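The structure appears right after this line, and notes come after that.
Quick note: the coordinates plus some simple rules give every number you see, no bench work behind them. Since the model is a prediction, treat every value here as computed from it, not as a measurement. Ideal geometry is used to build each Cβ from the backbone, glycine not excepted, and the neighbour counts take in all protein chains shown.
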Amino acid sequence: MIARLGSIALGIALLPLLMPDGSFDLYPFVGARLPLHAGFVDLATTILIFGLFALGFNILFGHTGELSFGHAMFFALGAYATALYSKGFDATVGPVHLQFLGSGNAFFALLAALAAVAVWAWLLGRLIVPRSSGIYYSMITLAFAQVIYFIAFRWSDLTGGEDGLQAIARPAVPGLPAGWLDDSNHFYIAAALVTFVAVVLNYCIVFSNFGSVLRAIRENKQRARFLGYDVNKYRVNAFVLSALFPALAGWMWTYFQQAINPDAGSIDYSGRVVMMSLLGGINTFAGPMLGAFVYWDLQNRFARFDRYWPEIIGLVFVFFVLVAPRGIAGLIAALRRPSRRAVEQAEA
């Protein structure tokens with residue numbers, strides 16, 4: 001556990017240093033590149049946020065075996081809850097007038113985001129889990145995600161409609177100067193700390209007895225029932241837990257972008273997180289975070305000189321699905337096995 005989490009912590013700490021001119025240019029200490037460029041620190045922050053999003057999604061997809069095509073709705077709900085708590089709102093629902101002046105307290109904004117997402121995920125999980133599985137499960141999650149997307153798009157009094165909510169101030173950090181988070185490097189430090197704490201919590205969930213039951217359900221639901229487990233209850237709980245990490249990511253994304261619009265809940269964002277998880281390796285713990293790194297690196301690298309960068313990323317995705325279905329982390333593990341066997345044979 002310590003070695004695995006330690007390597008993730010080291011990767012998070014070094015991530016901005018590996019990106020002065022693209023993630024795979026490992027030359028951060030050459031001449032004028034030593035001062036970190038804000039644009040690449042922002043890219044590293046984006047990787048952390050979407051890595052956390054993918055890590056939560058993988059509780060459901062990789063460890064429970066349930067594929068959701070609409071997980072971006074939790075990302076968007078967390079983001080909008082944060083924005084509305086921070087900016088306030090003035091809207092009418094039928095005869096009811098809703099008004100809130102807003103608050104700069106990031107902790108209570110986080111609680112609002114997690115509470116809103118937890119309630120919605122629990123209600124949705126209780127509705128769809130006992131009644132669907134497989135492709136039907138995936139399509140129902142997509143349908144509900146589209147409902148959330150169109151509510152955000154149409155309810156302009158509350159959500160700002162197509163333009164979304166803009167000019168969201170970053171919160172003050174107690175004990176630090178005002179505006180400390182306005183600096184890109186400082187925001188990355190805060191995002192890195194939050195992400196690492198979330199990674200530790202995710203690790204405790206995945207490698208607990210609860211996580212072991214989830215993997216048993218993934219392998220064979222009927223056998224898990226014969227062992228006495230309430231499979232639907234575990235599936236609902238996994239659905240809720242997998243929604244909370246995207247909510248946390250949405251909370252950070254709102255303060256990072258200082259804006260939010262309906263695109264955050266679109267099928268495009270849901271598709272991205274599926275692609276990141278598959279690229280990194282769905283049956284591994286850190287694979288989704290590695291997939292987020294590779295996805296955003298490829299986009300940053302090819303978008304600068306090729307307008308067809310989505311097609312290039314698509315080809316890379318197809319390659320891994322066909323050649324290395326266990327993803328990059330699975331491929332690395334497979335390459336390490338022969339060397340371990342050689343060491344064991346030499347010691348014998």
message = For a quick check, take a GNM of the chain with Cα springs below 10 Å and name the residue from Ala324, Ala238, Ala167 with the largest mean-square fluctuation.
response = Ala167
task = Could you check which residue among Gln299, Gln99, Gln258 shows the biggest mean-square fluctuation in a GNM of the chain with a 10 Å Cα cutoff?
result = Gln99
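For the chain, which longest stretch is free of loop sites, where a loop site is one of the chymotrypsin sites (Phe, Trp or Tyr not before Pro) that DSSP puts outside H, G, I, E and B and that has at most 16 other Cβ atoms within 10 Å?
On the way: sites that count: Phe24, Phe29, Trp155, Phe207, Tyr229, Phe305, Tyr308.
That gives 30-154 as the longest site-free run.
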query = With each label point set 7 Å from Cα along the Cα-Cβ vector, what nm distance links Val323 and Gln99?
reply = 6.2 nm
ask   = What number, in percent, do you get for the relative contact order of region 2-266 if the mean sequence gap of Cα pairs under 8 Å and at least 6 apart is divided by its residue count?
value = 35 percent
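What FRET efficiency comes out for the pair Ile135/Asp263, r = Cβ-Cβ distance, R0 = 25 Å, nearest 0.05? All intermediate terms of the calculation are to be shown ahead of the outcome.
On the way: r = 25 Å, r/R0 = 1.02.
It comes out at approximately 0.45.
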remark   = Computed curve, region 115-172, Cα-only Debye sum without solvent term, log₁₀ I(q)/I(0) at 0.12, 0.31 Å⁻¹, is -0.43, -1.16
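Given the Cα-Cα distance of Phe144 and Leu315 and 0.36 nm per residue of separation, how much length would full extension add, in nm? Write out the running numbers ahead of the final one.
On the way: separation 171, 0.36 × 171 = 61.56 nm, distance 2.93 nm.
Gain on stretching Phe144 to Leu315: 58.6 nm.
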remark   = Between Ser156 and Ala333, the FRET efficiency computed from the C-beta separation at R0 = 45 Å comes out, to the nearest 0.05, as 0.40
note = For Ile151, Ile168, ascending order of other Cβ atoms within 10 Å (fewest first) is Ile151, Ile168
Coarse-grained scattering of region 91-148 at q = 0.13 Å⁻¹, given as base-10 log I(q)/I(0) from a Debye sum over alpha-carbon atoms = -0.55
remark   = Exposure-ranked with fewest Cβ neighbours within 10 Å first, Met252, Met275, Met289, Met139 stand as Met139, Met275, Met252, Met289
request  = Give me the number: length gained by fully extending Ala178 to Asp90, i.e. 0.36 nm times residue separation minus the C-alpha to C-alpha distance, one decimal in nm.
outcome  = 28.9 nm
request  = At a temperature of 37 °C and a viscosity of 0.692 mPa s, determine how fast the chain diffuses translationally according to Stokes-Einstein, using the Kirkwood radius over alpha-carbon pairs as Rh; express D in µm²/s, rounded to the nearest whole number.
outcome  = 154 µm²/s
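Based on the Cα coordinates of region 88-227, what is the per residue volume of their convex hull in Å³?
On the way: hull volume 25.0 nm³, N = 140.
Per-residue hull volume (Cα only) is 179 Å³.
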ask   = For the chain, list the DSSP H helices whose alpha carbon atoms reach 27 Å or more along the long axis and whose average Kyte-Doolittle value is 1.6 or above?
value = 38-61, 106-128, 184-206
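Which value, in debye to the nearest 20, describes the size of the charge dipole of the chain about its Cα centre when Lys and Arg Cβ atoms bear +1, Asp and Glu Cβ atoms bear -1, and nothing else is charged? Please report the intermediate quantities before stating the final value.
Values: 23 positive and 19 negative charges, 266 e Å.
Here the chain has a charge dipole of around 1280 debye.
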task = Name the residue farthest towards the positive end of the dipole of region 2-266 from the options Ser208, Thr195, Trp155, assuming +1 on Cβ of Lys and Arg, -1 on Cβ of Asp and Glu, about the Cα centre.
result = Ser208
